[in-house]
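The values are calculated or read from the model by the stated rules, or taken from the named source; none is laboratory data. Note that the coordinates shown come from a computational prediction; the quantities given were computed from them, not determined experimentally. Cβ placement follows ideal geometry from the backbone for every residue including glycine, while neighbour counts extend to all protein chains displayed. These area figures cover heavy atoms from the full protein model, side chains too; ligands, DNA and RNA do not enter into them. Shrake-Rupley method; radii C 1.70, N 1.55, O 1.52, S 1.80 Å.
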Amino acid sequence: MMKRVLIATGCLFFALGAPVLKAQAKDASAPASATAPAQPAATTQSTPVTAVTNGESKQSYQLSPEKLRHAIAITRVRNILTIVGTLWGLLVVWVILASRLAVRIEKWVVARFHARWIQGIFYFAIFIVITTLADLPLGLYGEHVERHFGISVQSWGGWFVDQGKALGLGVLFGVLILLFFNWLVKVSPRRYWVWSWLITIPILAFGIIVSPYIANIFVKSEPLEMHHAALVSRLETLVARTGTNIPRDKMFLALQSEKSNGVNAYVAGMGRTKRMVIWDTTADRLPEDETLFIVGHESGHYVLNHIPKEFALDVVIFCFLFWVSAKLGEWIFKKNGAKWGIESLDSRAGFTVLLLALTIVATFLTPAMNAVSRHFEHQADVYGQEAIHTLVADPQKTAVASFNHLGELWLEDPNPSPFMEFWFGSHPSTSDRANFAAHYDPWANGGKGEFFDK
Ligand SMILES: [Zn+2]
C-alpha cells in the first residue's frame, strides 16, 4: 500500500510541477506570455532596462554595490532559515512522538480532566504552545537579521506582542480544528481523511473571508482617502478600467511603517469583506504611478479569478494531501506506534502521528503549490502592466521601476537560487519580473494586450 502511495505522490508531484516548471523556464528567459509580436529593441528603456540581445538578458533589476552585498547576505540567511525551519518543524513533531512526550501529555490531561473534549482542548493547546516555542529561536534570529538590514523597524516589544497574538489565534482556531479532525478519526476510522477534506473546504473559504479582520489584529488600517485622497482618485480610474468594482470605502491604508520598510499592497477578502489594502510605506514612498501598477497587479488577481481558482486547486490538492497523509500516517503508526507508546491512531498521540505525516506530505507538495502561485503572479504582472496603459505615461518604465523599488526595499537577491525559487518561491524572482516588464509592450506595432485591447 505504502509503495502505491509513494508512486502516486511522485506522479502528482511531476504532473503538477513539471509543466509549470517548463512554462516557468520559458517565462524567465523569454517573456513567454508576451503574446504580442516580438518587441524591437527600440521599445525598451535605457538603463537599468536594457534590451534582450541574442538570448543574453541584461538585468532590468539592479542594485547598488552596497545594496547588492546586503541583498546577497540577507538572502543567504533567509534561505537557510527557510530550509532549517522546514526540517526543524518536522523534527520537533517527530521528537514529541519518539520521546513519548505526546503520550505523557495525553496521560496527564486524561488524569486531570474527566470530559474527553476538555482533555482534547488541553492536549492540542499544549501541543501548539510547544511547537510554537520550539520555533521561537528561529523566528527571533530571523527578526534580528531583518532588523540588522533595516527591513524590520519593529520594536522587540511589538514583535513579541505579535508572536503572542499569533499564538493566541493559533490556539483558538487550531485547537478547535484539531479537536474536530481527531474526532473524525475516532468516528470514521476508514474514511476520516474524506470527511476531513470535506470540512476543510468551508474552513478555507472562511479563512479567505475573515482574512482582512485577522490582518487588522496585527496592523491597524484606516480608510485610504483619509491619508491619500489624490491617490484614491487615481485608483478609481484604475478600478473603472479593470472593473474590479472596489468602492472608495473598501480601499484601506495599512499602517505598516511602524514595523517595516518593505512595500506591499494586496486585495483580500471575498464578497462583502473584499477590500484593497495598500501599505503606508507604498503610498508614502513610491511614486503614484508605481503604486498604481502594484494595485493593477492586485486587481489582476481579482479580475482573473486567481483566488477562486487557487481555492478550487487547493480543494483538489487537499484531497490528495489528506489521502496520502492518512496512508503515510497509518504506515508510520504501524512501524513505530508501539515503540512510541501509542495505542491507537484515534488517540491524541495517535492523531499527532497523522499531523507528522501531513507536515511531511505538505512539504513535498510545496513546490507544486508554488509553481501554480508563480504562474498566477506572472499573469497578475502582465495584467498590472496592461491595466496602467493609458493611465501612466510609460507602463514598461513604471513596472520596471516598481520592481526595482520593491526589490531594493525588501533586499531581494537579483540572482536567487533556482532551487529556492522552485521550491519556496511563491512569486517569480524580482529579476525575472523586471526583465519581463522591460520587454513587454503588446501595443508596439499596433498590437493589443492579453487582457486589454487598448
Ligand atoms: Zn500577486
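Residue selection: R104 fails the criterion of being under 24 Å from R76 (Cα atoms), without any contact (Cβ under 8 Å) to a residue 60 or more places away in the chain, part of a helix (DSSP H, G or I) and not aliphatic (A, V, I, L, M).
Looking only at region 270-324, residues that are within 15 Å of the ligand (Cβ to nearest atom), of a type in the set (A, V, I, L, M) and open to solvent by 50 Å² or more (accessible area, probe 1.4 Å) come to 1 in all. Considering only region 64-85, I want to know if a residue exists there that is surrounded by 15 or more Cβ atoms within 10 Å (Cβ to Cβ), basic (K, R) and farther than 24 Å from W423 by Cα. Taking every residue of region 64-85 in turn, at least one turns out to be surrounded by 15 or more Cβ atoms within 10 Å (Cβ to Cβ), basic (K, R) and farther than 24 Å from W423 by Cα. Scanning for something in contact (Cβ under 8 Å) with a residue 60 or more places away in the chain, within 16 Å of the ligand (Cβ to nearest atom) and surrounded by fewer than 20 Cβ atoms within 10 Å (Cβ to Cβ), does region 349-365 turn up at least one residue? Within region 349-365 (the criterion being in contact (Cβ under 8 Å) with a residue 60 or more places away in the chain, within 16 Å of the ligand (Cβ to nearest atom) and surrounded by fewer than 20 Cβ atoms within 10 Å (Cβ to Cβ)), the answer is no, since none of the residues qualifies.
Say we look at region 260-269 and pick out the residues that are open to solvent by 30 Å² or more (accessible area, probe 1.4 Å) and either among the hydroxyl-bearing types (S, T, Y) or closer than 25 Å to H389 by Cα (or both); which of these is modelled with the lowest pLDDT? Quick ask: steps written out before the conclusion?
Here is the first cut: in region 260-269, the residues open to solvent by 30 Å² or more (accessible area, probe 1.4 Å) are 261, 264, 266.
With either among the hydroxyl-bearing types (S, T, Y) or closer than 25 Å to H389 by Cα (or both) added as a condition, the list becomes 264, 266.
Values: N264: 93, Y266: 89.
Taking the candidates together, the pick is Y266.
Among the residues making up region 399-439, those that are buried (at least 17 other Cβ atoms within 10 Å of the Cβ), of a type in the set (S, T, Y) and either modelled with pLDDT under 95 or in contact with a helix residue (DSSP H, G or I) (Cβ under 6 Å, 6 or more places away or on another chain) (or both) are S402, S429, T430. Quick check: is even one residue across region 201-212 within 25 Å of V267 (Cα to Cα) and touching a strand residue (DSSP E or B) at 6+ places or on another chain (Cβ under 7 Å)? Yes.
Of the candidates S431, S426, the single residue that is within 16 Å of the ligand (Cβ to nearest atom) and touching a residue at least 12 places away in the same chain (Cβ under 8 Å) is S426. Inside region 298-346, residues that are more than 30 Å from E386 (Cα to Cα), part of a helix (DSSP H, G or I) and in contact (Cβ under 8 Å) with a residue 12 or more places away in the chain make up a count of 19.
Taking the conditions (1) within 16 Å of the ligand (Cβ to nearest atom); (2) out of contact with any strand residue (DSSP E or B) (no Cβ under 8 Å at 6 or more places or on another chain) in turn, A240 satisfies each one other than (1). When E386, E412, E421 are checked against the criterion of being within 16 Å of the ligand (Cβ to nearest atom), among the charged types (D, E, K, R), outside any helix (DSSP H, G or I) and under 30 Å from L313 (Cα atoms), a single residue qualifies: E412.
Would you tally the residues in region 88-104 being among the small types (G, A, S) and open to solvent by less than 30 Å² (accessible area, probe 1.4 Å)? So the count comes out to 2.
Of everything in region 308-356, what is among the polar types (S, T, N, Q) and closer than 24 Å to G207 by Cα? Give them in sequence order.
If we filter region 308-356 for residues that are among the polar types (S, T, N, Q), which is where we start, we get 325, 336, 344, 347, 352.
Result: S325, T352.
From the set of residues in region 385-398 that are modelled with pLDDT of 95 or more and of a type in the set (S, T, N, Q), which is farthest from V232 (Cα to Cα)? The extreme case among them is Q396.
Inspect all residues belonging to region 147-170 and state whether any of them is part of a loop (DSSP other than H, G, I, E, B), farther than 22 Å from L356 by Cα and over 24 Å from the mean Cα position of the chain (by Cα). I'd like the intermediate steps shown before the answer.
Of all residues in region 147-170, those part of a loop (DSSP other than H, G, I, E, B) come to 149-151, 153-155.
So of that shortlist, the ones also farther than 22 Å from L356 by Cα come out as 149-151, 153-155.
Of the ones still in play, those that are also over 24 Å from the mean Cα position of the chain (by Cα) are 155.
Looking through region 147-170, at least one residue is part of a loop (DSSP other than H, G, I, E, B), farther than 22 Å from L356 by Cα and over 24 Å from the mean Cα position of the chain (by Cα).
Among the residues of this structure, T237 does not count as one that is touching a residue at least 24 places away in the same chain (Cβ under 8 Å) and within 22 Å of the chain's Cα centre (by Cα).
In this structure, E225 does satisfy being open to solvent by 10 Å² or more (accessible area, probe 1.4 Å), among the acidic types (D, E), away from the ligand (no atom under 16 Å from the Cβ) and over 26 Å from W156 (Cβ atoms).
Scanning region 249-259 for residues that are crowded, with 18+ Cβ neighbours inside 10 Å and farther than 30 Å from E143 by Cα turns up at least one hit. Going through (1) more than 15 Å from the ligand (Cβ to nearest atom); (2) within 19 Å of E377 (Cβ to Cβ) one by one, V267 falls short only on (1).
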